[in-house]
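First the structure, in the form of structure tokens, and then the observations on it.
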Amino acid sequence: MLKYFAHETAVIDAGCKIGKGTRIWHFTHIMPNCEIGEGCNIGQNVVVSPEVKLGNNVKIQNNVSLYTGVICEDDVFLGPSAVFTNVTNPRSAVVRRGQYEITVVKKGASIGANATIVCGHDIGEFAFVGAGAVVTKVVPAYALVVGNPAKQIGWMSEYGHRLNFNEAGKALCPESKEEYILENNKVSKL
């Protein structure tokens with residue numbers, strides 16, 4: 001029995017480590033020396049550039065581009081056609097290999113369809129980047145950001161619900177019933 005599944009049209013280059021239970025779909029290219037955790041699902045027509053690291057249970061929808069320098073921790077969701085950059089000032093005639101910036105998408109974060117993450121701007125734990133957003137700065141844990149450029153408009157629970165804080169700075173997730181607190185413009189789960 002295979003450790004992971006790869007569709008016959010997928011291309012997986014040498015030196016990749018792929019965890020058990022991971023599924024790689026049609027026309028996806030996993031380039032050299034990538035590390036992909038267990039239980040991931042990588043949709044069709046996804047490009048995973050050399051040395052990208054994905055944690056466990058990462059879900060990548062169709063047509064996503066992950067370039068060298070991207071690290072996704074466990075339980076990250078990347079919506080259809082999301083894209084990451086890895087050089088802030090690309091020029092066709094200027095070689096900038098080896099100057100790639102690192103972007104970390106922290107545990108449980110979700111990035112919506114057609115969002116663009118400009119390199120060097122980490123996405124915090126359980127943050128939620130709305131569809132079509134263009135991230136040009138660091139996104140705090142649990143933050144909800146939308147627009148171009150992305151601006152924070154609220155906070156999200158670990159279950160993906162908007163949090164409404166009372167005067168005491170507390171909020172309840174309507175699904176999980178877990179309680180959150182907002183102090184000094186930071187959210188944490190109680």
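Please go through region 53-63 and pick out each residue that is part of a loop (DSSP other than H, G, I, E, B) and buried (at least 23 other Cβ atoms within 10 Å of the Cβ).
Of the residues in region 53-63, the ones part of a loop (DSSP other than H, G, I, E, B) are 55-58, 61-63.
Correct list: Val58 only.
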* Structure fact -> Output for Cβ contacts, cut-off 8 Å, separation at least six or different chains, first residue of a type in the set (Gly, Ala, Ser) in region 17-45, second outside any loop (DSSP other than H, G, I, E, B), reads Gly19/Ile36; Gly37/Leu54; Gly43/Ile60
* Asked: Just to be sure, is Val129 of a type outside the set (Phe, Trp, Tyr), more than 22 Å from Pro50 (Cα to Cα) and in contact with a Ser or Thr (Cβ under 6 Å, 6 or more places away or on another chain)?
  -> no
* Structure fact -> Reported set for region 158-175 where residues are under 19 Å from Lys106 (Cβ atoms) and out of contact with any strand residue (DSSP E or B) (no Cβ under 9 Å at 6 or more places or on another chain) is Tyr159, His161
* Any chance you could count how many residues in region 154-190 are among the acidic types (Asp, Glu), touching a Leu at 6+ places or on another chain (Cβ under 8 Å) and part of a loop (DSSP other than H, G, I, E, B)? => 1
* Asked: For Val83, are the conditions met, namely being buried (at least 21 other Cβ atoms within 10 Å of the Cβ) and within 18 Å of Ala113 (Cα to Cα)?
  -> no
* To do: Quick one: Tyr180 ticks every box in (1) in the same structural domain as Ser65 (by TED's automatic domain parsing); (2) surrounded by 14 or more Cβ atoms within 10 Å (Cβ to Cβ); (3) out of contact with any Asp or Glu (no Cβ under 7 Å at 6 or more places or on another chain) except a single one, so which number is it?
  => (1)
* Can you name the residue in region 101-115 that is closer than 16 Å to Ser49 by Cα and surrounded by fewer than 20 Cβ atoms within 10 Å (Cβ to Cβ) and, of all such residues, is nearest to the chain's Cα centre (by Cα)? -> Val104
* Give region 58-101 a look and list any residue that's under 26 Å from Gly21 (Cβ atoms) and of a type in the set (D, E, K, R), or say none. => Lys59, Glu73, Asp74, Asp75
* Pick out the one residue from Ala113, Ala141 that is part of a loop (DSSP other than H, G, I, E, B) and farther than 28 Å from His29 by Cβ. => Ala141
* To do: Confirm whether Val129 is closer than 18 Å to Tyr159 by Cβ, aliphatic (A, V, I, L, M) and modelled with pLDDT of 95 or more.
  => yes
* Residue list for region 131-175, restricted to those being touching a His at 6+ places or on another chain (Cβ under 8 Å) and farther than 21 Å from Val118 by Cα -> Cys173, Pro174, Glu175
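The values are calculated or read from the model by the stated rules, or taken from the named source; none is laboratory data. This structure is a prediction, so every number in the text was calculated from the model and none was measured. We place every Cβ from the backbone using ideal geometry, glycine too, and count neighbours over all the protein chains shown.
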